[in-house]
Structure formats: C-alpha cells, structure tokens
Amino acid sequence: MTTLSTDTIATWLRLFTSDVVANVDELTQLDAAIGDADHGSNMERGMTAVVDGLADSPDLPGPLLKKAGMTLVSKVGGASGPLYGTLLLRMAGAIGDSTEIDDATLAAALRAGLAGVVDRGHAQAGDKTMFDALNPACDALDAALADGAALPKALQVAADAAAAGRDSTVDMVARKGRASYLGERSVGHQDPGATSAAMLVDALAEAVNA
Ligand code: ADP
Ligand code: MG
Ligand code: MG
C-alpha cells in the first residue's frame, strides 16, 4: 500500500503548476476560442501563488491543501478559481489531519473534490467542463483500485481517463460557464478547464510515481 506524505502533495502542486506555466498559451488560446482568453493567466496566477506559499505551509497534507485551496479562491477571479479552490478545500476536508494518505483516502478525497466542483457549478457529464475530465478520472481510479492495482498504476489509469475525457469535450455543446453563451458554436473546441484538469490528474500520477 502506497501512502502519500505532505511532500508528495507539495510535489503534486508544483508539477501541476509547471504544467500550467509550460502550457499557459495553449490554455489561453483554448479559452480565446470559446471564452474570454484568460484561463491560462487565471491558472498561472493562482498556482504560482500556491507554490509561492508552499515554503510557509502546514506540514500536514490536509491543511496544506486547505491553504492552497484558499489561495486559489482569493487569487483567481474567474470561474476556475472558486472551482479549483473548492476542489482542493474539499480534498483537505476529506483528508483531515491525517499525517499520511492511503489509496482509499486519496480516491475518496478526489471524489469529494469533484463533488465540491459540482456543488459550486452544477456541471453534469457532457456539459463540456472540467467535470468531463475529473469524473472519468475518479471512476477509473476507483475501478483500478477495486481491481487490485497499486496506487501509482491506478493513478496512471486515472490520468489516461482524464485525458480521454478532455478530448471528448471537443464534440460537446457547452452548457456551463462562458462557453455556454456560444451554444452549438462551441462544438469543435476543446474545453480549457477540462484541459487543465487533465494536467492536474496527470501531475498527481507523476508525483506519486516519482
Ligand atoms: P472564466 O470562465 O470565468 O473566464 P476560466 O476561463 O478561468 O474562468 O475557466 C473556464 C473553465 O471553467 C471552463 O473551461 C470550464 O471547464 C470551467 N467551468 C466554467 N463553469 C463551470 C461550471 N459551472 N462547472 C464546472 N466547470 C466550469
Ligand atoms: Mg475564461
Ligand atoms: Mg474570465
């Protein structure tokens, strides 16, 4: 059984931030097509602030995630700030003050994070949002763990599912967020939030496999 420490969670947030920064132009261009061209800068600003705060963060995984979530909510004005912030805050709540996170706790925390995104934004499957990357990732993680996969492998499967979910947003009609203003004209474009969400899951797999 793999258990994750505070360091692994910090590494996850750092790796995600590196991905966001390396792909900031892609995220901006995706949002330019169906939104307001700020998803790259929103995520870069928020996650850079999260990483800047890591040096002075609690030495427990849950409280560290709580601080990161609060930073996102306060630093990012767009929809993605409260949504990603809530995801991390709900994960923090599910982890509590445990010193280490086991497989089942991580899967439950990710699921709680997704439930927080839904409570905030009311997205359903097929609405062309970050939900369409995160939900398949949670399902794949649960299924892989139930099949007896070790956490590193199960997270790789989850990251693949998130990427497939991201790709599936291309053909969807947006029903939530700014892209929904375009209706049918949003078809043919990949959702920016699903794109960053696939990076989030991929970074988690990378952190645990490191
Ligand atoms: P804004 O739309 O306020 O400019 P961003 O551009 O940073 O914020 O984020 C846009 C992304 O947020 C979308 O691509 C989508 O994935 C996600 N999103 C928007 N509204 C919702 C919602 N109600 N539920 C889930 N995700 C949403
Ligand atoms: Mg935007
Ligand atoms: Mg905006």
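Mind checking the angle between helix 39-54 and the chain's longest principal axis? C-alpha axes, 0 to 90 degrees, to the nearest 10. For 39-54 against the chain, the angle is about 20 degrees. Taking Cα atoms only, the orientation of helix 151-168 departs from the longest principal axis of the chain by about 10 degrees. Across region 103-171, Cα pairs under 8 Å and at least six residues apart give a relative contact order of 33 percent. The string of couplings for region 76-88 from the Karplus curve (6.51, -1.76, 1.60, θ = phi - 60°) is 10, x, x, 4, 5, x, x, 6, 5, x, 5, 4, 5 Hz, one whole number per residue in order, with x for Gly and Pro.
Extents of the chain, taken as max minus min of Cα coordinates on every principal axis and listed largest first, are 47, 39, 29 Å.
Go ahead and run the numbers for FRET between E100 and V187, Cβ-Cβ distance against an R0 of 45 Å, rounding to 0.05. Computed FRET efficiency for E100 and V187 comes out at 0.50. Extending 7 Å from Cα along the Cβ direction at E26 and again at N209 yields two label points whose distance is 1.6 nm. Per residue, the average separation of C-alpha pairs within less than 8 Å and at least 6 apart gives the chain a relative contact order of 24 percent.
Taking Cα atoms only, the orientation of helix 131-146 departs from the longest principal axis of the chain by about 30 degrees. Ranked for footprinting exposure by Cβ neighbours inside 10 Å, fewest first, S196, S41 give S41, S196.
Shown in residue order for region 17-25 are the 3J(HN,Hα) couplings computed by the Karplus curve 6.51 cos²θ - 1.76 cosθ + 1.60 at θ = phi - 60°: 4, 4, 4, 4, 5, 5, 10, 4, 5 Hz (x for Gly and Pro).
The numbers here are math on the coordinates, done by the rules we state, and not lab data. Small disclaimer: the values here were computed from a predicted structure and weren't measured. We place every Cβ from the backbone using ideal geometry, glycine too, and count neighbours over all the protein chains shown.
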